[in-house]
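Notes follow the structure.
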Amino acid sequence: MSYKGYSARIDYDDEDGLFVGRIAGIRDGVGFHADTVEGLREAFHEAVEDYLETCVRVGKEPQRSFSGQMMFRVDPEVHRKAALAAELAGKSLNAWAEEVLEKAAEQ
């Protein structure tokens, strides 16, 4: 579920019979819930609008998309294998890793 560049993480609470969501990718905890999919969509839109309005009201810049820079450590053997796979594919390690991460994120 996406709205105005924001995405939602949705879970189902069987005990309460509700769909429960959070705006994904931001540090602020913005949640919403509903008992139908259509109600959940409306609640998500309201949560995004409320988040944006609150940011304006308190003078805070709303969190947006990520910078595109990632730094993480991997085992040296994984690094070696990834660099080799990138070279064999005729790509830089960054281009190869971006492609692999994009495919993994779509699943």
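Give me the pairs, please: first residue somewhere in the range 74-86 and at negative phi, second residue anywhere and in a helix (DSSP H, G or I), beta-carbon distance under 6 Å, and either six or more positions apart or on two chains.
What qualifies is Ala83/Leu93; Ala86/Leu93; Ala86/Trp96.
Please count how many residues of the range 27-71 are surrounded by 14 or more Cβ atoms within 10 Å (Cβ to Cβ) and in contact with a helix residue (DSSP H, G or I) (Cβ under 9 Å, 6 or more places away or on another chain).
So the answer is 6.
Kindly indicate whether His45 is in a helix (DSSP H, G or I), at negative phi and touching a residue at least 40 places away in the same chain (Cβ under 8 Å).
Judged against the criteria, His45 is a match.
Based on what the data block shows, is Ala85 farther than 19 Å from Arg9 by Cα, surrounded by 14 or more Cβ atoms within 10 Å (Cβ to Cβ), more than 19 Å from the chain's Cα centre (by Cα) and of a type in the set (A, V, I, L, M)?
yes
Pick out the one residue from Leu40, Leu52 that is in contact with a Pro (Cβ under 8 Å, 6 or more places away or on another chain) and either within 22 Å of Phe19 (Cβ to Cβ) or in contact (Cβ under 8 Å) with a residue 12 or more places away in the chain (or both).
Step by step, each of Leu40, Leu52 is checked, and only Leu52 is in contact with a Pro (Cβ under 8 Å, 6 or more places away or on another chain) and either within 22 Å of Phe19 (Cβ to Cβ) or in contact (Cβ under 8 Å) with a residue 12 or more places away in the chain (or both).
Here are Arg64, Arg73: which of them is over 16 Å from the mean Cα position of the chain (by Cα) and assigned to a loop (DSSP other than H, G, I, E, B)?
The unique qualifying residue is Arg73.
Condition first: among the polar types (S, T, N, Q) and either modelled with pLDDT of 95 or more or in a loop (DSSP other than H, G, I, E, B) (or both). Now tell me which residues in the range 1-42 satisfy that.
Across the range 1-42, the qualifying residue is only Thr36.
Do we have any residue at all in the range 49-59 that's more than 23 Å from Ala105 (Cβ to Cβ), of a type in the set (S, T, N, Q) and assigned to a loop (DSSP other than H, G, I, E, B)?
No, every residue in the range 49-59 fails to be more than 23 Å from Ala105 (Cβ to Cβ), of a type in the set (S, T, N, Q) and assigned to a loop (DSSP other than H, G, I, E, B).
Look at Phe19 and say whether it is free of Cβ contacts under 8 Å to residues at least 24 places away in the same chain, under 23 Å from the mean Cα position of the chain (by Cα) and surrounded by 10 or more Cβ atoms within 10 Å (Cβ to Cβ).
So Phe19 passes the test.
Consider Glu102 carefully, then state whether it is surrounded by fewer than 13 Cβ atoms within 10 Å (Cβ to Cβ), assigned to a helix (DSSP H, G or I) and either more than 19 Å from the chain's Cα centre (by Cα) or aromatic (Phe, Trp, Tyr) (or both).
When the stated conditions are applied, Glu102 does not pass them.
The values are calculated or read from the model by the stated rules, or taken from the named source; none is laboratory data. Small disclaimer: the values here were computed from a predicted structure and weren't measured. A quick note on method: Cβ atoms are made from the backbone with ideal geometry, for glycine too, and the neighbour counts reach across all protein chains shown.
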